[in-house]
Amino acid sequence: MVLGMGVNGLGIVRSLAHAGVPVIAVDDGVGNPAMRTRYGRKLCVRALSGDALIDDLIAFGRRAGGRPVLFLTEEATVTTVSAARERLAQFYRFSLAPAAVLDCLMHKGSFQDFAERHGFRVPHSVQVRDAASLEAARELRFPIVLKPGSKSAAYAHAFDKAYRAENFAAVEALCRRILPVAPDLILQEWIDGGDDDIYFCLQFIGTNGIPAATFTGRKIRSWPPAVGGTASCTAAPDVAAELERETTRFFRTAGFVGMAGMEYKRDRRDGRFYLVEPTVGRTDYQEEVATLNGVNLPLAAYCSQLGLPLPAVHSTAQRVWRESAADRRSAEQQRQICGRGTLDAGGGVDAWWRWYDPGPWLAKTAQRLVRAGSRRLRWTRPAPSAEGSA
């Protein structure tokens, strides 16, 4: 059962279905394009977090039986399921770290403290909750990146995922706008490098603390560039041994089990990798890139929780995963050409389009056309005349 059918959830459904695993795709709206996939049963719930989700899951669990394996794709869902884990355990299988561990790693400030305390290399950061604590930012080396300490609907509705600021005056102006809405920010020293210096290691960690599967990749482009989410990415076999070792060490130190990922950035000045932020309790946005490159992480998680033999890792030609619309915008803004760079030449797979499963892409395209048409109508509609408005 996959909870949350964004592009993330769509990749999980496809990865499991191709391996012959029966899947239930769950979302809070049938209009979600990913729900048009030909794979799996579809289940609509009232919400993907909060009491309504738990009530709907329990009601379904009582009817269906069989204890499906839960895959979580959103941070709010992780928080909700973690809080209700005892109520859900009789109906579902899921692997979650202790609540205290999850809480620590899901908040950027407490993650920073934990990493520093245990000797992991992280960029210097300052936590800001009000104007007084902002003064500590003066000691940071600029430029810096500003991010919310934890995800919140209020922040996501009004602001970008992250901001780069070149000086203290810019930070002060940003905080003046954001703190009244989201009084929990992290200011982190910028690591010199581009989108293609961002790497990640994805894992599923069994109850014995040993990864059942692991995959290392790197971004090609982000949207927006430098501070946004993944627009395109691929495998990174040249650094896999180093980053898998460091990721395993981090999560073992934290006592973590379940689905996890760690994002790194390599500093162009010294070539060293810095831990940027973890993803815990849920699959990563670009999780499907692992499956495309021969490491079916969702299948490994499924088998691990059912006590089945773990799937083999398949050797494949290096392939690129891309969210094409975002990747195209990113490339245009950076004056690049998709598919022509050293990293993304050939082998690209669109996150939405598959010839054998066209429904999600068709629905997504229809949504974009409707939005574009609505914007065009607003732009071309004549303003009311003075006489007509009197």
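The values are calculated or read from the model by the stated rules, or taken from the named source; none is laboratory data. Keep in mind the model is a prediction, meaning the values are calculated, not measured. Please note: Cβ atoms are built from the backbone with ideal geometry, for glycine as well, and neighbour counts cover all protein chains shown. Areas reflect the complete protein model, heavy atoms only, side chains present, ligands, DNA and RNA absent. Shrake-Rupley method; radii C 1.70, N 1.55, O 1.52, S 1.80 Å.
Of all residues in the stretch 70-81, none satisfies the criterion of being surrounded by fewer than 20 Cβ atoms within 10 Å (Cβ to Cβ) and closer than 21 Å to Leu306 by Cβ. Of the residues making up the stretch 91-111, none is without any contact (Cβ under 8 Å) to a residue 24 or more places away in the chain, farther than 19 Å from Leu187 by Cβ and in contact with a Phe, Trp or Tyr (Cβ under 8 Å, 6 or more places away or on another chain). Among the residues of the stretch 105-134, those that are in a helix (DSSP H, G or I) and closer than 27 Å to Arg249 by Cβ comprise Leu105, Met106, Lys108, Gly109, Ser110, Phe111, Gln112, Asp113, Phe114, Ala115, Glu116, Arg117.
So which residues in the stretch 1-42 are aliphatic (A, V, I, L, M) and in a helix (DSSP H, G or I)? Matches in the stretch 1-42: Val7, Leu10, Ile12, Val13, Leu16, Ala17, Ala34, Met35.
Taking every residue in the stretch 147-161 that is of a type in the set (Gly, Ala, Ser) and pairing it with any residue that is part of a loop (DSSP other than H, G, I, E, B), at least 6 positions away or on another chain, the pairs with Cβ-Cβ distances below 7 Å are Gly149/His107; Gly149/Asp184; Ser150/His107; Ser150/Asp184; Ser152/Ala182; Ala154/Val181; Ala154/Ala182; Ala158/Val181.
Residues that are at pLDDT 95 or above, β-branched (Val, Ile, Thr) and assigned to a loop (DSSP other than H, G, I, E, B): does the stretch 280-287 have at least one? Scanning the stretch 280-287, I find at least one residue that is at pLDDT 95 or above, β-branched (Val, Ile, Thr) and assigned to a loop (DSSP other than H, G, I, E, B), so the answer is yes.
The residues on offer are Arg272, Arg266, and the sole one that is in contact (Cβ under 8 Å) with a residue 24 or more places away in the chain, under 30 Å from Glu166 (Cα atoms) and touching a helix residue (DSSP H, G or I) at 6+ places or on another chain (Cβ under 7 Å) is Arg266. Taken over the stretch 310-327, residues that are among the hydrophobic types (A, V, I, L, M, F, W, C) and part of a strand (DSSP E or B) amount to 2. Among residues belonging to the stretch 200-255 that are of a type in the set (Val, Ile, Thr) and surrounded by 21 or more Cβ atoms within 10 Å (Cβ to Cβ), point out the one that is nearest to Leu306 (Cα to Cα). Here the residue is Ile205.
Using the structure shown, decide if Asp51 is charged (D, E, K, R), free of Cβ contacts under 8 Å to residues at least 60 places away in the same chain and over 23 Å from Trp361 (Cα atoms). For Asp51, the condition - charged (D, E, K, R), free of Cβ contacts under 8 Å to residues at least 60 places away in the same chain and over 23 Å from Trp361 (Cα atoms) - is met.
Of all residue pairs spaced 6 or more apart or on separate chains, those with beta-carbon atoms under 6 Å, a first member in the stretch 337-360 that is on the phi > 0 side of the Ramachandran plot and a second member that is charged (D, E, K, R) and open to solvent by 60 Å² or more (accessible area, probe 1.4 Å) are Gly347/Arg319. Between Thr73, Thr77, the distinction of being within 21 Å of Gly228 (Cα to Cα), out of contact with any His (no Cβ under 8 Å at 6 or more places or on another chain) and modelled with pLDDT of 95 or more belongs to Thr73 only. With the requirement that a residue be surrounded by fewer than 17 Cβ atoms within 10 Å (Cβ to Cβ) and among the small types (Gly, Ala, Ser), what does the stretch 153-167 give you? Within the stretch 153-167, Ala153, Ala154, Ala156, Ala158 meet the criteria. Confirm whether Ser330 is exposed (fewer than 15 other Cβ atoms within 10 Å of the Cβ) and either part of a helix (DSSP H, G or I) or of a type in the set (S, T, N, Q) (or both). So Ser330 fails the test. Checked against the criterion of being in contact with a Phe, Trp or Tyr (Cβ under 6 Å, 6 or more places away or on another chain), among the hydrophobic types (A, V, I, L, M, F, W, C) and touching a residue at least 12 places away in the same chain (Cβ under 8 Å), the candidates Val69, Val128, Val78 yield just one match: Val69.
With respect to (1) more than 22 Å from the chain's Cα centre (by Cα); (2) closer than 15 Å to Met5 by Cβ, the lone exception for Glu74 is condition (1). Would you confirm whether or not the stretch 39-46 contains a residue that is closer than 21 Å to Thr230 by Cβ and free of Cβ contacts under 8 Å to residues at least 60 places away in the same chain? Looking through the stretch 39-46, none of the residues is closer than 21 Å to Thr230 by Cβ and free of Cβ contacts under 8 Å to residues at least 60 places away in the same chain.
Comparison of Arg221, Arg245 shows that the only residue that is basic (Lys, Arg) and without any contact (Cβ under 8 Å) to a residue 12 or more places away in the chain is Arg245. A count restricted to the stretch 135-149 and to residues that are surrounded by fewer than 18 Cβ atoms within 10 Å (Cβ to Cβ) and either assigned to a loop (DSSP other than H, G, I, E, B) or in contact with a Phe, Trp or Tyr (Cβ under 7 Å, 6 or more places away or on another chain) (or both) stands at 4. No other residue among Phe114, Phe94 is at pLDDT 95 or above and surrounded by fewer than 20 Cβ atoms within 10 Å (Cβ to Cβ) apart from Phe114.
Candidates are the residues of the stretch 315-334 that are at pLDDT below 90 and closer than 30 Å to Leu362 by Cα; the one that is nearest to the chain's Cα centre (by Cα) is Gln318.
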